[in-house]
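Written below as structure tokens is the structure these notes are about.
The values are calculated or read from the model by the stated rules, or taken from the named source; none is laboratory data. A quick note: this is a predicted structure, and the numbers were derived from the prediction, not measured. With ideal geometry, Cβ positions are generated from the backbone for all residues, glycine too; neighbour counts draw on all protein chains shown.
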Amino acid sequence: MGWVTMSERELNRVEVLAQVDDARLSVDNAANMLDLTRRQVFRLLKRYRQDGASAIRHKSRGRAPNNQIHSAKRDYALTVIKEHYPDFGPTLAAEMLAEHHGLKVSRETVRKWMVEDGIWLSRKQRRQFHQPRLRRECFGELIQIDGSDHRWFEDRAPPCTLLVFIDDATSTLMELRFVKTESTFSYFEALESYLHKHGRPVAFYSDKHTVFRVSKEDAKGGARITQFGRALSELNIEILCANSSQAKGRVERANRTLQDRLVKELRIAGISD
């Protein structure tokens, strides 16, 4: 007859049905033990008496699931990813497959395929980052700001800077602005745009860039405050300077995500300035 693979649940059913068949257990007690109705117990008992213990196995055991994706579809998706999106993450790759190739696959399925094919590292295989500090409770209370120097348009244009304003409580991108360099006037323009759209926050959280903090120990006058800091003071907005990049990890992670996703979206859209 050979071996028959059964789950622990199925083995338990076989044991109880055998006791019912030998009149050592009543149908009512069997129904309570198996959490089934009397009718279900009689149905299982009939199958057990006709075909033996193997008849209690689930009918779908050993069969391919109804929602299984055909291997040809998987191979085609991976081919497209390797050819057009080799440096894309699973989430963005899944979006591109649906948007540009009519291939709708969940991002988790794409992630699984990419990990199995060796073109993406799982979370466990990637390095662990610094434990982030607790978020502020209210949306718009604290805004992290930073400038990200990068080849945003790749070889289609010179490098530039993207000013990023992100909400600390929700990690929502609040303001993005391309500028030539990270300067006081570029931050003034971004600040004006932010205030018109969202109003005044309680505080901004930044690094120790000279736009936000006087770095010279022997600076004279002005109470050691920058022009940007003076403007925030007039608006009754506090400026907080982080001591490390990990302390403002949310905006740093947003920069990495934008350097990955936004660059590729700009490339696909053909935007060069």
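Quick notes on this one:
- Of the listed requirements (1) assigned to a helix (DSSP H, G or I); (2) at pLDDT below 90, Ser60 misses just one: (1).
- Candidates Phe139, Phe129: the one that is under 14 Å from Lys248 (Cβ atoms) and modelled with pLDDT under 95 is Phe129.
- Enumeration of residues in the stretch 65-96 that are farther than 17 Å from Asp260 by Cβ and either touching a Leu at 6+ places or on another chain (Cβ under 7 Å) or in a helix (DSSP H, G or I) (or both): Ser71, Ala72, Lys73, Arg74, Asp75, Tyr76, Ala77, Leu78, Thr79, Val80, Lys82, Glu83
- Residue that is nearest to the chain's Cα centre (by Cα) [pool: residues in the stretch 238-273 that are of a type in the set (A, V, I, L, M, F, W, C) and closer than 13 Å to Ser206 by Cα]: Val251
- Restricted to the stretch 91-118, and to residues there that are of a type in the set (Gly, Ala, Ser) and surrounded by fewer than 18 Cβ atoms within 10 Å (Cβ to Cβ), the residue that is farthest from the chain's Cα centre (by Cα) is Gly102.
- Screening Leu163, Leu176 for residues that are out of contact with any Gly (no Cβ under 8 Å at 6 or more places or on another chain), closer than 22 Å to Arg267 by Cα and part of a strand (DSSP E or B) leaves exactly one candidate, Leu176.
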